[in-house]
Amino acid sequence: MEKLIVKGPTPLKGRVTISGSKNSSLPILAATLLTKEKCVIRRVPDLSDTNYMTQILAELGAEVERASGVVTVEATKIKSVAPYDLVRKMRASICVLGPLTGRLKKASVSLPGGCVIGDRPVDLHLKGLEGLGAKITVDGGDIHVDAKKNFKGSTINLLGKHGSTVLGTDNVMMAAVLAKGTTVIEGAAAEPEVEDLANFLIKMGAKIEGAGTHTITIHGVKELHGAEHTVIPDRIEAGTFLCAAAMAGEGVTIRRCAPEHMKAMLQVLIDSGFPLEVGKDSITIRPNPQAKGFDITTQPYPGFPTDMQAQFGALATVINDVSTITETIFPQRFMHVAELKRMGADIDLQGATARIRGGQKLKGAPVMASDLRASAALVLAALQAEGKTEINRLYHIDRGYEHIDDKFSAIGADLDRKKD
Ligand code: EPZ
């Protein structure tokens with residue numbers, strides 16, 4: 001296993017180029033299963049998660065080639081059974097269920113395991129596919145979908161007790177594009193990554209309206225053709241670097257990002273008093289020793305993203321005030337709190353609300369990475385802690401951040417990747 005040795009405090013300055021979105025790449029790569037023709041996907045980040053997805057496509061029978069950020073897929077002939085040994089490694093693999101159902105009218109995919117941010121049910125995915133007439137059975141840990149008979153469009157509500165489902169919306173949309181008739185998804189997720197998937201499907205010949213809102217209408221077509229697509233920038237990677245740069249330094253500019261996808265998190269930074277210059281595809285941020293605390297509650301898009309709450313927790317430790325963060329999507333998503341407290345952070349966790357009193361210097365310490373975003377929060381804290389921090393189980397970070405150590409080193413961080 002690898003670990004990251006971070007020496008702090010290091011003032012950050014310079015420019016960072018943001019990679020393509022992980023959470024857009026994964027469903028878009030899965031969507032290439034919907035056609036037998038060649039698809040070319042550009043700006044796919046080099047991550048273990050995207051590598052797992054290309055392996056799954058290949059195991060399903062597709063021809064897959066990858067040249068740096070460009071992935072070419074030709075799914076001429078594919079199987080309907082997703083390989084358990086790969087699917088179990090990444091719960092987002094569930095997003096092959098929709099395209100396999102749409103293309104083959106049958107699919108078998110293992111139930112994704114839980115993960116450290118909590119139980120990861122797929123009941124809404126299955127409800128959506130049943131709404132299209134599919135017969136679903138679950139046995140031996142596998143989901144079996146049979147849509148050979150009366151597979152047709154209908155109106156489906158995908159709202160769950162924690163709001164909309166991103167990959168659930170993706171799966172139903174990818175099945176419905178090849179279902180007879182019209183499907184209306186009510187309570188759809190409105191994330192930019194869902195809209196990006198819809199834009200790719202439209203390039204393939206799908207007929208979709210309303211993607212990016214909470215009601216998506218899909219008019220089924222007989223088949224889809226190949227297409228080329230460039231993935232949108234990763235708004236969570238962009239937000240992660242903004243938090244790092246707000247914590248200390250002389251200002252950092254993030255480039256090739258999409259500020260229009262980041263309104264909720266930018267508003268929090270502006271309201272706290274961090275000076276921001278927002279361009280068309282770049283953002284410059286500087287620290288502010290007089291910054292005010294913030295009160296955040298995570299919500300489905302366009303609300304404050306759950307994938308940014310850990311990073312804002314790290315930012316709160318340097319603000320000389322009290323901040324609160326309430327998590328409504330994954331209430332247990334506070335794996336970073338115990339680790340930040342090992343570094344001296346003053347955080348009180350009551351249920352799904354963390355209360356952070358910042359302003360005192362953190363101290364470097366050995367800490368444990370856990371979920372992807374909690375691990376990123378530890379890097380942010382380590383960059384400004386006094387002394388050395390050792391972040392173990394680095395593979396969590398490599399799942400979602402492309403060349404994170406190179407990018408941080410380029411703006412002044414002192415960090416080294418070491419084998420355990
Ligand atoms: C996507 O996961 C993202 N992953 C997650 O990012 C992100 O945290 C999440 O959306 C929320 O924004 C990818 O896009 C690959 P959900 P997803 O279905 O689609 C409940 C990261 O760090 N739910 O939108 O799996 C669920 O338990 C990752 O990049 C059901 O109850 O999440 C949760 O409370 C982590 N039943 C809420 O809905 C279902 O069938 C939102 O989950 C599905 C979900």
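Evaluate the following for Leu97: is it surrounded by 17 or more Cβ atoms within 10 Å (Cβ to Cβ), within 16 Å of the ligand (Cβ to nearest atom) and at pLDDT below 95? Before you say what the answer is, go through the steps one by one.
Values: surrounded by 17 or more Cβ atoms within 10 Å (Cβ to Cβ): yes; within 16 Å of the ligand (Cβ to nearest atom): yes; at pLDDT below 95: no.
No, not satisfied.
Output the residues belonging to segment 106-120 that are more than 7 Å from the ligand (Cβ to nearest atom) and open to solvent by 50 Å² or more (accessible area, probe 1.4 Å). Write out each step before concluding.
Of the residues in segment 106-120, the ones more than 7 Å from the ligand (Cβ to nearest atom) are 106-116.
If the condition is that a residue be more than 7 Å from the ligand (Cβ to nearest atom) and open to solvent by 50 Å² or more (accessible area, probe 1.4 Å), then Lys106, Leu111, Gly114, Cys115, Val116 are the ones that fit.
Just one of the numbered conditions (1) in a helix (DSSP H, G or I); (2) more than 12 Å from the ligand (Cβ to nearest atom) is not true of Lys89: (1).
For (1) within 30 Å of Ala62 (Cα to Cα); (2) in a helix (DSSP H, G or I); (3) within 16 Å of the ligand (Cβ to nearest atom); (4) not acidic (Asp, Glu), each residue gets a yes or a no:
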site	(1), (2), (3), (4)
Leu4	no, no, no, yes
Lys7	no, no, no, yes
Thr10	no, no, no, yes
Ile28	yes, yes, yes, yes
Ile41	yes, no, yes, yes
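Here is a check on your reading of the model: is Val64 open to solvent by 10 Å² or more (accessible area, probe 1.4 Å), assigned to a strand (DSSP E or B) and without any contact (Cβ under 8 Å) to a residue 60 or more places away in the chain?
Details: open to solvent by 10 Å² or more (accessible area, probe 1.4 Å): yes; assigned to a strand (DSSP E or B): yes; without any contact (Cβ under 8 Å) to a residue 60 or more places away in the chain: yes.
Judged against the criteria, Val64 is a match.
The number of residues in segment 26-51 being more than 15 Å from Glu65 (Cα to Cα) and hydroxyl-bearing (Ser, Thr, Tyr) comes to 2.
For segment 126-140: of the residues being aliphatic (A, V, I, L, M), within 24 Å of Ile216 (Cα to Cα) and more than 8 Å from the ligand (Cβ to nearest atom), which is surrounded by the fewest Cβ atoms within 10 Å (Cβ to Cβ)? That would be Ile136.
Do we have Arg417 as basic (Lys, Arg) and either open to solvent by 10 Å² or more (accessible area, probe 1.4 Å) or in contact with a Cys (Cβ under 8 Å, 6 or more places away or on another chain) (or both) here? Talk me through it step by step, then tell me what you get.
Numbers: basic (Lys, Arg): yes; either open to solvent by 10 Å² or more (accessible area, probe 1.4 Å) or in contact with a Cys (Cβ under 8 Å, 6 or more places away or on another chain) (or both): yes.
In short, yes.
Which residues, taken from segment 161-183, are more than 19 Å from the chain's Cα centre (by Cα), at pLDDT 95 or above and either open to solvent by 30 Å² or more (accessible area, probe 1.4 Å) or among the charged types (D, E, K, R) (or both)?
Keep residues of segment 161-183 that are more than 19 Å from the chain's Cα centre (by Cα), which gives 161, 175-183.
Narrowing the set further to residues that are at pLDDT 95 or above leaves 175-183.
Across segment 161-183, the qualifying residues are Lys180, Gly181, Thr182.
Screening Leu197 with (1) farther than 30 Å from Ser375 by Cβ; (2) within 16 Å of the ligand (Cβ to nearest atom); (3) aliphatic (A, V, I, L, M) gives one miss only, at (1).
With assigned by TED's automatic domain parsing to the domain that holds Ile411, touching a residue at least 24 places away in the same chain (Cβ under 8 Å) and acidic (Asp, Glu) as the only criterion, which of Glu186, Glu237, Glu191, Glu228 stands out? Before you say what the answer is, go through the steps one by one.
Numbers: Glu186 fails: assigned by TED's automatic domain parsing to the domain that holds Ile411; Glu191 fails: assigned by TED's automatic domain parsing to the domain that holds Ile411; Glu228 fails: assigned by TED's automatic domain parsing to the domain that holds Ile411.
Among Glu186, Glu237, Glu191, Glu228, only Glu237 is assigned by TED's automatic domain parsing to the domain that holds Ile411, touching a residue at least 24 places away in the same chain (Cβ under 8 Å) and acidic (Asp, Glu).
Taking (1) in contact (Cβ under 8 Å) with a residue 40 or more places away in the chain; (2) open to solvent by less than 30 Å² (accessible area, probe 1.4 Å) in turn, Tyr301 satisfies each apart from (2). Within segment 117-138, residues that are hydrophobic (A, V, I, L, M, F, W, C) sit with their Cβ atoms under 6 Å from residues that are near the ligand (Cβ under 6 Å from one of its atoms), at 6+ positions apart or across chains, in these pairs: Ile117/Phe330; Leu124/Gly160; Leu124/Thr165; Leu124/Gly168.
Among the numbered conditions (1) open to solvent by 40 Å² or more (accessible area, probe 1.4 Å); (2) assigned to a loop (DSSP other than H, G, I, E, B); (3) over 20 Å from Gln384 (Cα atoms), the only one that Leu349 does not meet is (2).
Number of residues in segment 403-414 that are buried (at least 20 other Cβ atoms within 10 Å of the Cβ) and assigned to a loop (DSSP other than H, G, I, E, B) equals 2. All conditions but one from (1) open to solvent by less than 80 Å² (accessible area, probe 1.4 Å); (2) within 16 Å of the ligand (Cβ to nearest atom) apply to Asp123; the one that does not is (1). Here's a check for you: in segment 47-61, which residue that is part of a loop (DSSP other than H, G, I, E, B) and more than 16 Å from the ligand (Cβ to nearest atom) is most open to solvent (accessible area, probe 1.4 Å)? Ranking the candidates gives Gly61 first.
The values are calculated or read from the model by the stated rules, or taken from the named source; none is laboratory data. The model shown is predicted, which means the values in this text are computed figures rather than measured ones. Cβ sites come from the backbone with ideal geometry, for glycine too, and all protein chains shown count toward neighbours. In case anyone asks, the SASA skips ligands and DNA or RNA and just uses the protein heavy atoms, side chains included. Shrake-Rupley method; radii C 1.70, N 1.55, O 1.52, S 1.80 Å.
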